[in-house]
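The values are calculated or read from the model by the stated rules, or taken from the named source; none is laboratory data. Remember, predicted model here, so these are calculated numbers, not experimental data. Note that each Cβ is placed from the backbone with ideal geometry, even for glycine, and that neighbours are counted across all protein chains shown. The area values use the complete protein model at the heavy-atom level, side chains included, leaving out ligands, DNA and RNA. Shrake-Rupley method; radii C 1.70, N 1.55, O 1.52, S 1.80 Å.
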Amino acid sequence: SDNEVTEVFGRINSKGRQLSVQEQRQAGVSNNVSSLVRQISSEVRGDSSDDTLNLFDMPSISIDNDDSQHGYGVRAIDTIWCNQGILTRAQLRDSEDEQIILDFIASIVNEEPISSSRELFDKLYDKDATESRELEAKLIAYGQEKVKQEIIITFSTIKNMIEVYDSSPSFLRNHLRSRSRNTIKTPFFSLFMAIHELLFRHEKEPSNMSMIFESLKGAAEKLKMQSHYS
């Protein structure tokens, strides 16, 4: 049964490298939300694969660090997360991209940003929690495939905007948080949700890249006063 598989997985992973908080969440539950988080995160990273994968094929979807170079299939620096300074390589290896994808899913189906916190994310993965049941119901009502396509299209639009304007590494971080080497999880969340709203609620498409990115400079200063992620 699914419960037995989860139990065995937990015992196997009680030794060796400690799982990150998000990895424990994903490993501990199997439902529509966790499945969608896995599918979207995998596609955005570029390691799309079947839900069932042989252990022999694991290196093809594993994340390689420039320092380690184990020959894994996904280079952290090649993902939008690390290439544009949204996450560090360590954060990507700890699956913090999946946490952000969960945030996008929940915010979209709720039609407003959720109050991000570790406690809330834990509850969203707890099948016995009210928050988890409510999210599952809203996801079904909104449409799983619809949410997936909207998130993938929004990512694609942002990538195209960057490539047209300036495709150099860390461009987005340097533009949204100039003279800082900190990651830009909060500004990127705001940028993503704004682009999503323009695309799917107002049915608009980006036209003038220079105007868009110049307008972000002012917005970025305001974002420094806020924090969506602790």
Pair list, Cβ < 7 Å and 6+ apart or interchain, from the stretch 11-31 residues that are under 17 Å from residue 123 (Cβ atoms) and part of a loop (DSSP other than H, G, I, E, B) to residues that are modelled with pLDDT of 80 or more and of a type outside the set (D, E, K, R): 29/125
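For the stretch 92-117, give me each residue that is touching a Ser or Thr at 6+ places or on another chain (Cβ under 7 Å), touching a residue at least 60 places away in the same chain (Cβ under 8 Å) and either farther than 14 Å from residue 151 by Cα or of a type in the set (S, T, N, Q) (or both).
If we filter the stretch 92-117 for residues that are touching a Ser or Thr at 6+ places or on another chain (Cβ under 7 Å), which is where we start, we get 92, 94-95, 97-98, 101, 103, 113-114, 117.
Narrowing the set further to residues that are touching a residue at least 60 places away in the same chain (Cβ under 8 Å) leaves 94-95, 98, 101, 103, 113, 117.
Within the stretch 92-117, 94, 95, 113, 117 meet the criteria.
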Selection within the stretch 154-198 - among the aromatic types (Phe, Trp, Tyr) and either part of a loop (DSSP other than H, G, I, E, B) or open to solvent by less than 30 Å² (accessible area, probe 1.4 Å) (or both): 155, 171, 188, 189, 192
Please go through the stretch 137-152 and pick out each residue that is over 16 Å from residue 107 (Cβ atoms) and either acidic (Asp, Glu) or not in a helix (DSSP H, G or I) (or both). 145
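Name the residues in the stretch 73-91 that are of a type outside the set (A, V, I, L, M) and in contact (Cβ under 8 Å) with a residue 40 or more places away in the chain, would you? Can you show your working first?
Within the stretch 73-91, the subset of a type outside the set (A, V, I, L, M) is 73, 75, 78-79, 81-85, 88-89, 91.
83, 84, 85, 88, 91 - these are the residues of the stretch 73-91 that are of a type outside the set (A, V, I, L, M) and in contact (Cβ under 8 Å) with a residue 40 or more places away in the chain.
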Which numbered condition residue 203 misses (of (1) open to solvent by 70 Å² or more (accessible area, probe 1.4 Å); (2) among the acidic types (Asp, Glu); (3) in contact (Cβ under 8 Å) with a residue 12 or more places away in the chain): (3)
If you take the residues of the stretch 118-136 that are without any contact (Cβ under 8 Å) to a residue 12 or more places away in the chain and in a helix (DSSP H, G or I), which of them is least open to solvent (accessible area, probe 1.4 Å)? 120
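In the stretch 68-94, how many are at pLDDT below 90 and either open to solvent by 60 Å² or more (accessible area, probe 1.4 Å) or among the charged types (D, E, K, R) (or both)? Even if it seems obvious, please write down each step before you answer.
The initial filter retains those residues of the stretch 68-94 that are at pLDDT below 90, namely 68-78, 93.
Imposing the further condition that a residue be either open to solvent by 60 Å² or more (accessible area, probe 1.4 Å) or among the charged types (D, E, K, R) (or both) reduces the set to 69-72, 75, 78, 93.
The qualifying residues number 7.
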